[in-house]
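Since the structure comes first, as structure tokens, the remarks are kept for the end.
The values are calculated or read from the model by the stated rules, or taken from the named source; none is laboratory data. Just so it is clear, the structure is predicted and the values come from calculations on it, not from any experiment. For neighbour counting, all protein chains shown are included, and Cβ atoms are generated from backbone atoms with ideal geometry for every residue, glycine included.
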Amino acid sequence: MQRQQQIEELKTLMDLVARNTTALADSVMAIDVSEYYDPEQFEREKIELFRNYPQFVGPSCMIPAPGDYFAFDDTGIPILVVRHSDGALRAFVNICSHRGAPLNECASGKAKKGRLFSCPYHGWTYDLDGALVGVPFGREGFDSIDRATLGLKPLQVEERDGMIFVMPNPDRRFDVDEILGGIGERLSGFGFQDHYYLGAKQVVTNFNWKLNMDTFHEYYHFEFLHPETIAKMAYSNLGTYHQYGRNHSMGSAVLEINELKTIPEAEWQPRKYSSYVNFIFPNTVIFVVEDHFQTWRVYPISPDRSVVYHSMFLPHEPANEAERGEYEQYFQMINDVAVAEDYTLVDKIHRGLNAGIERKVLVGRNEPGVQNMHRQLHALLGQPAAAGRGAGSGLT
Ligand code: FES
Ligand SMILES: [Fe+2]
């Protein structure tokens with residue numbers, strides 16, 4: 001989002017403050033509670049949303065230099081993404097052609113000498129194109145193999161607007177423009193290529209992955225669930241909403257936004273007065289706030305377990321240990337709020353949803369982001385639209 005768009009967004013937020021309202025969906029939505037625990041639904045989601053749908057991997061700045069790699073194993077297919085010496089990315093199924101070990105020992109790092117992956121099990125070696133280039137004791141132990149056919153299996157990877165996407169299923173292709181749905185234009189001003197990757201925290205949660213995602217898409221709960229933390233910084237139940245294909249972007253106002261009334265527009269600092277939740281379907285939130293951004297990537301484990309990776313990206317590498325420490329502390333604080341406040345509550349929601357009481361989960365007009373995630377999911381899975389008028393929904 002370029003400066004002029006950010007200025008317009010600030011004006012819209014100030015107008016919402018003045019009118020004490022928020023962006024609204026057309027109608028209330030009702031979701032069948034079984035969607036959160038039905039094992040068949042879960043299996044379909046795993047296949048259609050996490051195996052056959054392109055995944056947001058991270059911003060470009062996570063693996064900026066040749067040989068930098070990132071690996072994850074949360075979609076059902078282990079994935080390795082690496083930056084080649086030609087500057088472009090390569091992605092592979094992270095399974096060694098010998099007996100199947102993953103090639104790297106860390107989630108992210110640098111390839112050996114910047115150009116090789118060596119399997120930790122028996123040392124088979126691959127170059128950054130995935131070709132098998134070394135087999136210890138190969139002449140005798142593996143005299144009959146055809147090395148040319150034993151490279152790593154390639155996956156489609158695309159890098160656009162400072163974001164990396166990969167298709168987990170090696171037999172599928174995707175069109176990155178269709179996946180972005182235009183949100184790149186909205187995000188382009190935030191410089192996702194140029195930040196510094198501080199690190200990631202993993203949190204395993206005992207609830208369905210969609211319950212996890214639901215927490216990110218509305219500002220309605222700030223006042224009630226976060227009275228001492230977020231609600232002291234940002235307006236509750238107030239935000240903009242913009243749709244981009246299956247994705248969306250939501251602006252939020254800090255409590256001091258009306259200070260702008262006394263500042264000439266040319267001097268406005270948009271990031272000081274607004275923050276943005278950007279949703280990349282189906283499982284990622286890019287949270288742009290103040291001088292930095294964070295990503296939250298959520299993956300299903302089972303119908304009642306999920307894992308979230310919370311990553312932090314700073315405007316520049318910390319200048320010294322003291323500055324790094326400050327950022328680390330802030331990172332931990334944000335993570336703690338999510339775990340202590342959101343996840344503790346969602347844990348209880350999960351138990352209620354699994355209680356065997358047939359009912360609908362209601363999503364208000366003031367929760368358009370939550371509605372969008374479920375609407376897109378229904379469309380992709382070919383489920384009937386979750387209209388708001390099902391039996392027992394409480395809607396009239
Ligand atoms: S499994 Fe990789 S070298 Fe044996
Ligand atoms: Fe929250």
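Overview of values
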quantity: Residues within the range 1-33 that are touching a residue at least 24 places away in the same chain (Cβ under 8 Å) and assigned to a helix (DSSP H, G or I), tallied; calculated: 12
quantity: Count of the range 338-360 residues which are more than 18 Å from Gln202 (Cα to Cα) and within 16 Å of ligand 2 (Cβ to nearest atom); calculated: 4
quantity: Any helices (runs of 4 or more DSSP H) falling wholly within the range 157-261 and containing at least 1 residues that are of a type in the set (S, T, N, Q); calculated: 209-214
quantity: Single residue of Ser274, Ser236, Ser302 found to be under 19 Å from Leu377 (Cβ atoms), of a type in the set (Ser, Thr, Tyr) and either at pLDDT 95 or above or surrounded by fewer than 19 Cβ atoms within 10 Å (Cβ to Cβ) (or both); calculated: Ser302
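Yes/no per residue for (1) in contact with a helix residue (DSSP H, G or I) (Cβ under 7 Å, 6 or more places away or on another chain); (2) without any contact (Cβ under 8 Å) to a residue 24 or more places away in the chain; (3) surrounded by fewer than 20 Cβ atoms within 10 Å (Cβ to Cβ):
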| site | (1), (2), (3) |
| --- | --- |
| Arg139 | no, yes, yes |
| Ile145 | no, yes, yes |
| Thr149 | no, yes, yes |
| Asp161 | yes, no, yes |
| Asp175 | no, yes, yes |
| Phe190 | no, no, no |
